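First up is the structure itself, then whatever we jot down about it.
Nothing in this text is a laboratory measurement; each read-out follows from the coordinates by a stated rule. Just so it is clear, the structure is predicted and the values come from calculations on it, not from any experiment. Note that we place each Cβ from the backbone using ideal geometry, even for glycine, and neighbour counts take in every protein chain shown.
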């Protein structure tokens, strides 16, 4: 039977699990619209565009004539080789971003699956492959395809493997037998993810049972999608997580019990990304420009943050470390070409009890020409004053 052969082929390409669903309208679109109306998408305005919402509601807006959706998972969990969120001088990067960029890996495999399918049936098959890049409600489709349920952390959770996996979606204009949707909610009364989120981004379930996240408070959003200054009240809670966040997955009982490291070599952590020194990472980035940053991380999803955003995050982590050892590096950042970097470097210096930091902040205040950065420097000096320096 074609569906069984298709699933076997998908697994031979390296996908972990495969499900199929139809193209009926999403049952979650009303919740999605209310989430947008509440502004919880933050600066991700591309999520709120009218055409974007419409296409998420109706798959045929993306692929006219679509009849089926093939949803795949690709496990990415790897063993930590020495990174520890409890070591404040170490940079913590989300597990998924320590290896090669998943977008390229999974899309290539999906296109290979589409090619196989086109050769397997007599008629020409039209298809579109998406990996976290298009107006698709991937987790909704995955739940409908029987691959898991929406956890309270908003992740899709598979009862046999947890949630450390990527989702890929292949839309096709071919009628395929659909799998039964996953209808159970197996989170029960567990609050592990809600209680562990340091910024309070996870808000539990709404009246319809949908999990709610305020992206504006999520560390993953703040360190990647948020392009401007990190709200002052959230900076300390970010700790040393400089790109993404795994906390809500790390504490999930389903991951603790069932998640297994992937065997895919592409996701094995780069030596430079598995718990690098904050000081070394900052020093390297301060010595290069945006092009150099992109060249350094050309195979990584980290390019999404851009140089200024990544350095902003590192400055916050250095401030949270609070060690005088960070002062020299932060003084360099205080003179960076990017105001975003300078302002967060100022905040970080304000967190460190150091007369050298105070002198540098005072000197920079007199020469700084960016109004927001001057505000950050003044606030940092007030913090220094309150500490008795």
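For a label point 7 Å from the Cα of residue 359 along Cα→C-beta, name the residues of region 313-329 whose backbone N is under 18 Å from it. Answer for this model: 324-329.
Across region 259-350, the mean sequence separation of Cα contacts (distance under 8 Å, 6 or more residues apart), normalised by length, yields a relative contact order of 27 percent. The convex hull drawn around the Cα atoms of the chain, when projected onto a plane and averaged over every direction, covers 20.0 nm². Compared with the dominant principal axis of the Cα atoms in the chain, helix 339-350 is inclined by about 60°.
Looking at the chain alone, DSSP beta bridges between its own residues are antiparallel in about 90 percent of cases.
Where in region 91-110 does the amide nitrogen come within less than 20 Å of the point 7 Å from the Cα of residue 260, taken along Cα to Cβ? The answer is 96.
Axis angle, to the nearest 10 degrees, between helix 2-12 and the longest C-alpha principal axis of the chain: 30 degrees. Taking max minus min of the alpha-carbon positions on each principal axis, region 1-55 gives extents of 45, 23, 17 Å, largest first.
Please work out the Cα convex hull volume for region 96-145 and give it in Å³ per residue.
Working: hull volume 5.0 nm³, N = 50.
Each residue corresponds to 101 Å³ of Cα convex hull volume.
I need to check one value: relative contact order of the chain, counting alpha carbon pairs closer than 8 Å and at least 6 residues apart, in percent. Reported relative contact order: 18 percent. Which of the three applies to region 338-388, rounded, prolate or oblate, going by the alpha-carbon gyration tensor with a ≥ b ≥ c and a/c under 1.5 meaning rounded? Prolate. Taking the number of Cβ atoms within 10 Å of each Cβ as an exposure proxy, the fewest-first ranking of 169, 3, 251, 121 is 121, 3, 251, 169.
Please give the per residue volume of the convex hull enclosing the alpha carbon atoms of region 1-100, rounded to a whole number of Å³. Can you show the working numbers first?
Working: hull volume 17.5 nm³, N = 100.
Taking only Cα atoms, region 1-100 has a hull volume of 175 Å³ per residue.
Going by a ≥ b ≥ c, the root eigenvalues of the Cα gyration tensor, does region 263-389 fall in the rounded group (a/c under 1.5), the prolate group (a/b larger than b/c) or the oblate group? Walk me through the numbers before you get to the answer.
Values: a/c = 2.83, a/b = 1.86, b/c = 1.52.
Since a/c reaches 1.5 and a/b is larger than b/c, the shape of region 263-389 is classed as prolate.
Between residue 233 and residue 369, the simple spin-label model (points 7 angstrom out along Cα→Cβ) gives 3.5 nm.
Can you sort 20, 29 by how many other beta carbons sit within 10 Å, fewest first? Walk me through the intermediate numbers first.
Values: 20 21, 29 16.
Listing 20, 29 from fewest to most nearby Cβ atoms yields 29, 20.
The separation of region 352-380 from region 269-316, counted between C-alpha centres, amounts to 24 Å.
Taking only Cα atoms, what is the 0 to 90° angle, nearest 10, from helix 306-321's long axis to the longest principal axis of the chain? Helix 306-321 and the main axis of the chain meet at about 60 degrees.
Viscosity 0.692 mPa s, temperature 37 °C: Stokes-Einstein D of region 119-202 from its Kirkwood Cα radius, in µm² per second?
Numbers: Rh = 15.0 Å.
The Stokes-Einstein estimate is 219 µm²/s.
When the Debye formula is applied to the Cα atoms of region 21-174, each taken as the same point scatterer, what base-10 log of I(q)/I(0) results at q = 0.13, 0.16, 0.18 Å⁻¹? Reported log10 I(q)/I(0), two decimals: -0.71, -1.01, -1.21.
Each peptide in 183-194, 235-246 receives the mean, over its residues, of other Cβ atoms within 10 Å, and ordering these scores from highest gives 235-246, 183-194.
Here each label is just a point 7 Å from Cα along the line to Cβ, and for residue 115 and residue 208 those points are 4.0 nm apart. By the beta-carbon count within 10 Å of each Cβ, the least crowded to most crowded order of 55, 332, fewest first, is 332, 55.
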